[in-house]
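Chemist: My structure is below; once you've seen it, I'll send some questions.
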Amino acid sequence: MAKDMSLMGHLEELRLRIIKIVLALIIAASVCYAFFDELLKIILIPLGNQKLVYLTVTEPFIARFKLGFMAALVVCLPIIIYQVLAFLAPGLDRREKKYLFFSVLLIVPLFTCGAVFGYYVVLPVGIKWLLAQSGPHLKQNLTVSNYISFSLLFLLSFGLTFETPVIVWMLSKLNIVTHKTLLRNWRIALVSILFIAAFITPDWSPVTMMLVAAPAFVLYFLGIILARFF
């Protein structure tokens, strides 16, 4: 996106980059759709020996499409980020480009770490606690579509939570807040993190909430350190 490009030129470039993202998603989703059974086995591991059912004729297809599309989003994340940055970069100055480049180096690894942490540490604990609430009078019939939505949105929330250092660092570098202000208001940040942790965890147990809040709070201070020294 050149600074001297006309409005129609900007819109045309935006259209082309959106088309590239959509094509990448379609290709990746098609491949992931074909490997539905393998992907389903992976997300079923935190569920243990529980079996899933479907209640409508269309639910198996919807489940395949949903899992394939969400997996494609993860696979195409670097492509999406690249296309967005390639569109924005020509309109930024040298300092802003440097900050943008540094943030990109952190976005994908942090998101991956968050999703992996949620998958291995928090999701099994949360599912076990939630299923234990059924008691002796309720029978578990978990539908495949609902479980896919629940688990993938949960992992997505964890991936986004682990972007805290990048958000904090960018806020500081864009002069929206200073690292001193962030450090001085750590109590407000702690309350906010606890509130968000309670919202995104699959259950309301204090143990699970702390498993979410503790790394997020550490990442908040990591963001302050990055803002101070980089």
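The values are calculated or read from the model by the stated rules, or taken from the named source; none is laboratory data. Given the structure is predicted, the values throughout are model-derived calculations rather than measurements. A quick note on method: Cβ atoms are made from the backbone with ideal geometry, for glycine too, and the neighbour counts reach across all protein chains shown.
Chemist: Within region 48-73, track down each residue that is free of Cβ contacts under 8 Å to residues at least 40 places away in the same chain and of a type in the set (A, V, I, L, M).
Modeler: Once the filter is applied, which keeps residues that are free of Cβ contacts under 8 Å to residues at least 40 places away in the same chain and of a type in the set (A, V, I, L, M), region 48-73 yields only Val57.
Chemist: Taking region 22-58 as the region of interest, how many residues are part of a helix (DSSP H, G or I) and surrounded by fewer than 16 Cβ atoms within 10 Å (Cβ to Cβ)? Can you show your working first?
Modeler: Residues of region 22-58 part of a helix (DSSP H, G or I): 22-34, 36-47.
Retained after the next criterion (residues that are surrounded by fewer than 16 Cβ atoms within 10 Å (Cβ to Cβ)): 22-23, 26-27, 30-31, 34, 37-38, 41-42, 45.
Final tally of qualifying residues: 12.
Chemist: Being of a type outside the set (Ser, Thr, Tyr), more than 19 Å from Ile107 (Cα to Cα) and loosely packed, with under 15 Cβ neighbours inside 10 Å is the requirement here; does Val218 meet it?
Modeler: Working: of a type outside the set (Ser, Thr, Tyr): yes; more than 19 Å from Ile107 (Cα to Cα): no; loosely packed, with under 15 Cβ neighbours inside 10 Å: yes.
No.
Chemist: Related question: Identify all residues within region 171-185 that are among the aliphatic types (A, V, I, L, M) and surrounded by 15 or more Cβ atoms within 10 Å (Cβ to Cβ); write none if there are none.
Modeler: The initial filter retains those residues of region 171-185 that are among the aliphatic types (A, V, I, L, M), namely 171, 174, 176-177, 182-183.
Within region 171-185, Leu171, Leu182, Leu183 qualify.
Chemist: Still on this structure: Cβ-Cβ below 7 Å, separation at least six or inter-chain, first residue in region 79-92 and of a type in the set (S, T, N, Q), second at pLDDT 80 or above: which pairs?
Modeler: Gln83/Arg17; Gln83/Lys20; Gln83/Ile21
Chemist: Here's a follow-up. Condition first: in contact with a helix residue (DSSP H, G or I) (Cβ under 9 Å, 6 or more places away or on another chain) and farther than 25 Å from Ile127 by Cβ. Now tell me which residues in region 34-74 satisfy that.
Modeler: Hit for region 34-74 is Ala34, nothing else.
Chemist: Also, quick follow-up: In region 186-203, which residue that is of a type outside the set (A, V, I, L, M), surrounded by 12 or more Cβ atoms within 10 Å (Cβ to Cβ) and at pLDDT below 85 is nearest to Pro165 (Cα to Cα)?
Modeler: Thr201
Chemist: What are the pairs with Cβ atoms under 7 angstrom where one residue, in region 111-139, is in contact (Cβ under 8 Å) with a residue 12 or more places away in the chain and the other, located anywhere, is in a helix (DSSP H, G or I) and among the hydroxyl-bearing types (Ser, Thr, Tyr)? Sequence gap at least six, or different chains.
Modeler: Gly114/Thr161; Val122/Thr208; Leu123/Ser151; Val125/Thr208; Gly126/Thr208; Trp129/Thr208
Chemist: Among residues belonging to region 92-139 that are among the hydroxyl-bearing types (Ser, Thr, Tyr) and within 15 Å of the chain's Cα centre (by Cα), point out the one that is surrounded by the fewest Cβ atoms within 10 Å (Cβ to Cβ). So that I can check it myself, show each step before the final result.
Modeler: Applying the first criterion (among the hydroxyl-bearing types (Ser, Thr, Tyr)) to region 92-139 yields 99, 103, 112, 119-120, 134.
With the extra rule that they be within 15 Å of the chain's Cα centre (by Cα), the set shrinks to 112, 119.
Numbers: Thr112: 14, Tyr119: 18.
Residue satisfying both the conditions and the ranking: Thr112.
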